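> Dumping the structure here so I can ask a few things about it.
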Amino acid sequence: MKKYILILFVFVGFTMSAQNTKVEVLKEFLKGSIQLDAGAVDLEQPILSFNELATTKASKVADLTKENIVEVLEDAKNYATCIITVGEHTIVKISNFEDCSPSGAWGACMPMGKGYIQKAGVLSEVNDYLKNIIGRPGTQQRKVFLFE
């Protein structure tokens, strides 16, 4: 019985450590644009917590659609940081507007980005063109947060 209790404590400790790591990864990723307070972050869905906080803290917020992407990306060049989220699972920061790849699906030249995709509770780092990170236009909610 003691053995099972010990295993349970180790498992719970590991799970909490992994969740705290997600928050730390996002805090470092967002440094210079917005500060995540560990106590206010949902450990299971830290990207959702970012969305809620950024909605009130960003200089400008917009829904990203195929119809407005060219205008939004052009406007984003005037800000220090452009962060895009897809639902509760993807967060990406534009890293280079000049290095872009044409997207037929979006009808725009998609800049280079760096970010994280959360799958099975784990944040996986991605460095690629925006079109390969946020996917094709569709029904998923995509938000753009611009910070001065």
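The values are calculated or read from the model by the stated rules, or taken from the named source; none is laboratory data. Everything numeric in this text was worked out from a predicted model, so none of it was measured. Reconstructed Cβ throughout: ideal geometry from the backbone, glycine too, with neighbour counts over all protein chains shown. Just the protein is used for accessible areas: all its heavy atoms, side chains included, with ligands, DNA and RNA removed. Shrake-Rupley method; radii C 1.70, N 1.55, O 1.52, S 1.80 Å.
> Of everything in segment 95-144, what is open to solvent by less than 50 Å² (accessible area, probe 1.4 Å) and within 20 Å of K22 (Cα to Cα)? Give them in sequence order.
Within segment 95-144, G113, G115, Y116, I117, Q118, G121, L123, V126, I133, I134 qualify.
> Give me the residue from segment 57-80 that is β-branched (V, I, T) and more than 16 Å from the chain's Cα centre (by Cα) and, out of that set, least open to solvent (accessible area, probe 1.4 Å).
From segment 57-80, those β-branched (V, I, T) are 61, 65, 69-70, 72; that's our starting set.
When the remaining residues are screened for being more than 16 Å from the chain's Cα centre (by Cα), the result is 65, 69-70, 72.
Numbers: T65: 51, I69: 0, V70: 90, V72: 20 Å².
Result: I69.
> Suppose the filter is outside any loop (DSSP other than H, G, I, E, B), more than 21 Å from E28 (Cβ to Cβ) and among the acidic types (D, E); does E125 pass it?
Values: outside any loop (DSSP other than H, G, I, E, B): yes; more than 21 Å from E28 (Cβ to Cβ): no; among the acidic types (D, E): yes.
So E125 fails the test.
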